[in-house]
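Have a look at the structure that comes next, please.
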Amino acid sequence: MNAWSMTGKPVYRGFSMDRYGVVLLFISLHFAYGDVSYSVAEEMKRGSVIGNLAKDLGLGTAALSSRKARIDTDRSGKQYCDINLSSGDLIVTDRIDREGLCGKKATCLLKEELVLENPLELHRISIHVQDINDNAPHFSEELISFEIRESAVKGATFLLTEAHDADIGSNTVQHYNLQNNEHFTINVDTDGSGRKHSELVLVKELDREQDNDLKLVLTAVDGGSPRRSGTAIIHITVLDANDNAPVFNQVVYEANVPENAPLDTIVIAVSATDADAGPNGDITYSFDHVSDDHATLFSLDQKTGEIRVIGSIDYETETSIELRIRAKDGPGLTSYCTVIIDVTDVNDNPPAISLKSLTNPIPENVSPGSEVGIINVQDRDSENNRQVRCSIQQNVPFKLVPSIKNYYSLVTTGQLDRELVSDYNITIIATDEGSPPLSSSKTVQLSVADINDNPPVFEEQSYSAYVTENNKPGSTLCSVTARDPDWRQNGTVVYSLLPGEVNGASVSSYLSVNGDTGVIHAVRSFDYEQFRSFKVHVMARDNGSPPLSSNVTVSVFISDVNDNSPQILYPAPEGNSFMTELVPKAAHGGSLVSKVIAVDADSGQNAWLSYHIVKSTDPGLFSIGVHSGEIRTQRDISESDSMKQNLIVAVKDNGQPTLSATCSMYLLISDNLAEVPELKDISYDEKNSKLTSYLIIALVSVSTFFLTFIIIILGVRFCRRRKPRLLFDGAVAIPSAYLPPNYADVDGTGTLRSTYNYDAYLTTGSRTSDFKFVTSYNDNTLPADQTLRKSPSDFADAFGDCDSSPEVRAMHI
């Protein structure tokens, strides 16, 4: 396929031209093994379309952007073309100068590569740069001087300086024109390489005496369209004869020089001879039209013809250098030779590593074998010096996989974990196979992106909090801490209480937790006597998506404080209930008379009770067990002892500070009720007169004696039915002890650890008191419907109807 761009200007040999410049677009496209080739004229404007790659390669324009299409090249420095991702056009991005790129080479080729990713795909693009006539011929010397003897014969030739045209082919110098004159004409010859040489031909003898100085204009014209030309002035001085021009011993000299050769290295020496003698045979050497780049690399000794290195020679820039050398004798006769210098490559370029594509950061859950980057490695040297090996020396979960040409894919080899390694510095080392080998390295930094793959983990498997009862609401109990190794919001931990109940109430009514710090606070004041411990569950949740959580158990233990006074169960301390114990007169020292029973709702040492008699009618008659509360006689009872004995007993706990309670115990020393001259409320009032008390006692005693006897008889019969063995008739049974409402001895630490009851039976017809221990109880927990006090009417249920008479207790412990 050939395309020509027409601009309305005259077309000459396939090119559209005007007087100032050339605009040419010649595109030739063909396919060979997936590659594409274009022909394009040099000096095209930036943005000019070379061809449509998407169409020529059968690619959709949408795929170009999604696959990150780009133009890559082996050259370092300028990039002359690029791809328009929206249209797929290959466009010019920088000035393309064929002469600067390829010099005099017949073929000028730019090699580009189209790189596509996902999957990686490479297309080679060859761009043939066509020459346009953008350079005019010019002479290396604006003034060409000759000294010609007047003896010169017609037909004598004088070689002229060549005009140089940077273009090639028909655009280079095609012919020379000489200003009209009567003495000289010009002859143009073409050598085997196509180079045109001009000679000045003498057509009429010179006459120095007539004209010793001639100036002629020499014009060199190229074959472009439009034609371009350059001029030089030929200055002829007429002398006597110098009929021999210098002659080089070789027409073409060849030499080799390694790149980076040391300065002042002699490359080659040219030599020319002149058969003339004297000044006519003195030869000087000079460069004939050497480019500025070459002039900075080499020097030429005008006398010896030695060519030396004066600059840095780079094989990668130019592999062969051609120099034109001129030899000129004294009068001005010249000859030319060509020096071709081949530059040999040395391994002076380390491999160049470039990162073409990189996915950064990469998620930590990326699967092994995933491609995360594309690496390109180039070595500007040649042959073995440009063969490169790439590797990763570090112990990292990545490797390089060779791909197309000089491309490598950076892929993962294992599972990544950001919590272990969050960043990787991957050092890629490229080594060529030169001697000695050169290497280079490039560090690729990769970050691992976090995903929420770790739940919060508590520092302890369980937590325990200890708090004393009666604490202040809002007080701190403890704190829980959970760690989440994830990052940012995935690692931010929020604490909360899981729903639950404690003693039938919501757990949130007892505790609260700070969602940020994990500090647990008490919402209310705790009571050890209600419950000693409870458990709650705290959840730690992160802010990831989805969120992850974990739970921990927090056990709260409530410690006791001494905030409960002892409670006396027997005898009842209330004033409206009065108890009287009957003590036989024959009781010996150490006999058990009664027992004070008390409990303390606290626990531990706060519930350790001690009993003390703080006041008694006869201090030496009775004693009480400090720990048991048992009241015993200290000595035998004598006739002189008062029948009525009043004991005030104090019960103290062992807490700090000590709390106590007191009760009164009323004792009657008598063998039977008949001996009691009067019975009245022993809880006497000091304000009443003694006379009134005696009258009341006498009246009540006479009235109740008979009724008491009947009650005792009925009680004895009742007891016989309940107890298989009764030793005494007329026994009086006293109800068992009782506990306050809702009291329970928790875990056996209270005062009723081993509760035991004594059933005592006292007779009214005997002078001695007999006891029978029938049973022992271990009822640690009493029903909640029992009450603390009992009135005389309550005891009537056990003894029979006593017509609300005062109670007479025998003894029940």
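Could you check Gly544 against (1) closer than 30 Å to Thr481 by Cα; (2) assigned to a strand (DSSP E or B); (3) open to solvent by less than 40 Å² (accessible area, probe 1.4 Å) and say which number it fails?
Of (1) closer than 30 Å to Thr481 by Cα; (2) assigned to a strand (DSSP E or B); (3) open to solvent by less than 40 Å² (accessible area, probe 1.4 Å), only one is false for Gly544: (2).
Are there strands (runs of 3 or more DSSP E) fully within region 232-310 with at least 1 residues that are open to solvent by 70 Å² or more (accessible area, probe 1.4 Å)? List them.
Because the criterion is at least 1 residues that are open to solvent by 70 Å² or more (accessible area, probe 1.4 Å), the strands (runs of 3 or more DSSP E) in region 232-310 that meet it are 252-258, 266-269.
Oh, and also: Of everything in region 128-143, what is under 26 Å from Ile96 (Cβ atoms), outside any loop (DSSP other than H, G, I, E, B) and touching a Gly at 6+ places or on another chain (Cβ under 9 Å)? Give them in sequence order. Talk me through it step by step, then tell me what you get.
Here is the first cut: in region 128-143, the residues under 26 Å from Ile96 (Cβ atoms) are 128-138.
Now drop any that are not outside any loop (DSSP other than H, G, I, E, B), which leaves 128-130, 138.
The answer is His138, and nothing else.
Further question on the same structure: Identify, by number, the condition in (1) within 22 Å of Leu178 (Cα to Cα); (2) in contact with a helix residue (DSSP H, G or I) (Cβ under 9 Å, 6 or more places away or on another chain); (3) hydroxyl-bearing (Ser, Thr, Tyr) that Thr237 doesn't meet.
(2)
Might you let me know whether region 360-370 holds any residue that is charged (D, E, K, R), assigned to a loop (DSSP other than H, G, I, E, B) and touching a residue at least 60 places away in the same chain (Cβ under 8 Å)?
For region 360-370, residues charged (D, E, K, R), assigned to a loop (DSSP other than H, G, I, E, B) and touching a residue at least 60 places away in the same chain (Cβ under 8 Å): present.
So, in region 400-418, exactly how many residues are farther than 19 Å from Gln378 by Cβ, crowded, with 16+ Cβ neighbours inside 10 Å and not aliphatic (A, V, I, L, M)? Steps first, please.
Step one: of region 400-418, the residues farther than 19 Å from Gln378 by Cβ are 411-418.
Still in the list and also crowded, with 16+ Cβ neighbours inside 10 Å: 411-412, 416, 418.
Then drop every residue that is not not aliphatic (A, V, I, L, M), which leaves 412, 418.
Summing the residues that are farther than 19 Å from Gln378 by Cβ, crowded, with 16+ Cβ neighbours inside 10 Å and not aliphatic (A, V, I, L, M) in region 400-418 gives 2.
Take the residues of region 169-212 that are polar (S, T, N, Q) and assigned to a strand (DSSP E or B): which is farthest from Gly155 (Cα to Cα)?
Let us first name the residues in region 169-212 that are polar (S, T, N, Q), namely 170-172, 174, 177, 179-181, 185, 187, 190, 193, 198, 210, 212.
Adding the requirement that they be assigned to a strand (DSSP E or B) leaves 174, 177, 185, 187, 190, 198.
Numbers: Gln174: 23, Asn177: 18, Thr185: 10, Asn187: 11, Thr190: 19, Ser198: 14 Å.
Here the answer is Gln174.
Here's the yes/no breakdown for (1) open to solvent by 30 Å² or more (accessible area, probe 1.4 Å); (2) assigned to a loop (DSSP other than H, G, I, E, B); (3) in contact with a strand residue (DSSP E or B) (Cβ under 7 Å, 6 or more places away or on another chain); (4) of a type in the set (A, V, I, L, M):
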{"residue": "Ile429", "(1), (2), (3), (4)": "yes, no, yes, yes"}
{"residue": "Val444", "(1), (2), (3), (4)": "no, no, yes, yes"}
{"residue": "Ser464", "(1), (2), (3), (4)": "yes, no, yes, no"}
{"residue": "Ser508", "(1), (2), (3), (4)": "yes, no, yes, no"}
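Of the residues that make up region 497-504, is at least one open to solvent by 60 Å² or more (accessible area, probe 1.4 Å), part of a loop (DSSP other than H, G, I, E, B) and either within 30 Å of Ile597 (Cβ to Cβ) or at pLDDT below 90 (or both)?
yes
Here are Asp636, Asp602: which of them is buried (at least 17 other Cβ atoms within 10 Å of the Cβ), out of contact with any Cys (no Cβ under 9 Å at 6 or more places or on another chain), part of a loop (DSSP other than H, G, I, E, B) and among the acidic types (Asp, Glu)? Don't jump to the end; show me each part of the working.
Values: Asp636 fails: buried (at least 17 other Cβ atoms within 10 Å of the Cβ).
Within the list Asp636, Asp602, the selection yields Asp602.
Kindly check whether there is at least one residue in region 643-654 that is more than 24 Å from Ile697 (Cα to Cα) and either in a loop (DSSP other than H, G, I, E, B) or of a type in the set (Ser, Thr, Tyr) (or both).
Within region 643-654, one or more residues are more than 24 Å from Ile697 (Cα to Cα) and either in a loop (DSSP other than H, G, I, E, B) or of a type in the set (Ser, Thr, Tyr) (or both).
Right, something else. Working only within region 378-399, note down all residues that are open to solvent by less than 70 Å² (accessible area, probe 1.4 Å), outside any loop (DSSP other than H, G, I, E, B) and not aromatic (Phe, Trp, Tyr).
Of everything in region 378-399, those that are open to solvent by less than 70 Å² (accessible area, probe 1.4 Å), outside any loop (DSSP other than H, G, I, E, B) and not aromatic (Phe, Trp, Tyr) turn out to be Gln378, Asn385, Val388, Cys390, Ser391, Ile392.
Ok, one more. Of the numbered conditions (1) over 30 Å from Arg524 (Cβ atoms); (2) among the hydrophobic types (A, V, I, L, M, F, W, C); (3) without any contact (Cβ under 8 Å) to a residue 60 or more places away in the chain; (4) assigned to a strand (DSSP E or B), Val494 satisfies every one except a single condition; which is it?
(1)
Please state which one of Ser409, Ser441 is among the small types (Gly, Ala, Ser), at pLDDT 90 or above and within 19 Å of Glu117 (Cα to Cα). Before you say what the answer is, go through the steps one by one.
Numbers: Ser441 fails: within 19 Å of Glu117 (Cα to Cα).
So the residue among Ser409, Ser441 that is among the small types (Gly, Ala, Ser), at pLDDT 90 or above and within 19 Å of Glu117 (Cα to Cα) is Ser409.
For the structure I just gave you, tell me whether Tyr315 is touching a Gly at 6+ places or on another chain (Cβ under 7 Å), hydroxyl-bearing (Ser, Thr, Tyr) and crowded, with 20+ Cβ neighbours inside 10 Å.
Criteria not met by Tyr315.
Let me ask something additional. Out of Gly58, Gly47, which single residue is exposed (fewer than 14 other Cβ atoms within 10 Å of the Cβ), without any contact (Cβ under 8 Å) to a residue 60 or more places away in the chain and farther than 28 Å from Asn171 by Cα?
On the way: Gly47 fails: farther than 28 Å from Asn171 by Cα.
Exactly one residue qualifies, and that residue is Gly58.
The values are calculated or read from the model by the stated rules, or taken from the named source; none is laboratory data. Just so you know, these numbers come straight off a predicted model, no measurement behind them. Neighbour counts run over all protein chains shown; Cβ positions are idealised from the backbone, glycine included. Side chains included, ligands, DNA and RNA excluded: accessible areas come from the protein's heavy atoms. Shrake-Rupley method; radii C 1.70, N 1.55, O 1.52, S 1.80 Å.
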